[in-house]
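Here's the structure, in structure tokens; my notes come after.
The values are calculated or read from the model by the stated rules, or taken from the named source; none is laboratory data. Not measured: the values here are computed from a predicted model. Note: ideal-geometry Cβ built from the backbone for every residue, glycine included; neighbour counts use all protein chains shown.
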Amino acid sequence: MLEKIDVPLPISDQVADTIRRGIISGELKVGQKISVNGICSMLNVSATPVKEAFKILQAEGLLITKARSGTTISDFARRSLEHTALIRAALEGSAAYIAAQTISENDLEKLEGVLIEGDKAIERGDLDALVALNTQFHKGIRDATKNSYLILLIERLVSFDYSFRRSALQTLEERRSGSRDHWAVFRHIRDRNPEEAERALKCHIRRSASDVVSGIQEETDNP
């Protein structure tokens with residue numbers, strides 16, 4: 001079941017993220033109808049934030065609403081996620097390139113500490129902590145660029161960011177692969193190798209996104 005929402009306002013972004021994760025995980029399938037009342041009941045929230053969440057997801061291309069047929073999961077959902085991942089890879093790859101030239105020794109130590117804690121979270125099976133640490137790792141790289149415009153562009157994709165990371169870390173092998181990728185990115189940044197840092201982070205995001213999108217396709221083909 002989709003997780004209930006029990007957080008302070010604003011609720012709309014939380015509702016949108018919950019639905020988005022349902023789409024990414026395959027729990028909500030392409031063509032499936034959803035309603036405001038149904039989501040309200042499922043997530044124990046009022047209608048207003050759900051309506052706002054629907055508008056957010058419609059703008060992202062994940063939902064489509066027609067006068068007579070209601071709201072359904074768009075067949076564009078998979079492509080929308082693929083396109084967003086490509087943009088993320090380009091932007092975060094650029095961030096890694098810049099960070100390899102600008103990051104301070106203190107921030108390098110912090111980044112390494114995040115990876116160490118992430119490996120500990122993997123070993124104890126703490127998905128919530130791992131997702132938070134993964135988010136912290138990516139944020140640490142973009143903050144190290146000191147490029148406010150690039151940071152802003154990347155953070156506009158944060159709504160997809162959290163959804164992707166939870167869905168991309170469902171198995172132990174996926175978690176370990178992600179850790180290996182992150183350590184490779186870190187080493188290139190530490191060694192002040194911008195080209196390799198950019199390449200490694202782009203490959204990491206594309207690989208993770210490909211795994212998630214493949215999962216959506218399998219769910220669609222085998223309902």
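Beta carbons closer than 7 Å, at least 6 apart along the sequence or on distinct chains, pair a first residue in segment 21-33 that is outside the structural domain of Leu169 (by TED's automatic domain parsing) with a second that is among the small types (Gly, Ala, Ser) and surrounded by fewer than 18 Cβ atoms within 10 Å (Cβ to Cβ) for Gly26/Gly215; Lys33/Gly70. Pick from segment 55-71 the residues that are more than 17 Å from the chain's Cα centre (by Cα) and touching a residue at least 24 places away in the same chain (Cβ under 8 Å): which of them is nearest to Ser12 (Cα to Cα)? Checked segment 55-71; the qualifying residue nearest to Ser12 (Cα to Cα) is Leu63. What single numbered condition from (1) surrounded by fewer than 19 Cβ atoms within 10 Å (Cβ to Cβ); (2) among the β-branched types (Val, Ile, Thr); (3) in the same structural domain as Ser177 (by TED's automatic domain parsing) fails to hold for Ile64? Failing condition for Ile64: (3). Of all positions in segment 114-127, none carries a residue that is modelled with pLDDT of 95 or more and farther than 25 Å from Gln170 by Cα.
Only residues that are under 14 Å from Pro10 (Cβ atoms), more than 19 Å from the chain's Cα centre (by Cα) and not basic (Lys, Arg) were counted across segment 44-54, and they come to 6.
When we screen Arg166, Arg180, Arg156 for residues that are modelled with pLDDT of 95 or more and either in the same structural domain as Ile87 (by TED's automatic domain parsing) or not aromatic (Phe, Trp, Tyr) (or both), the only hit is Arg180.
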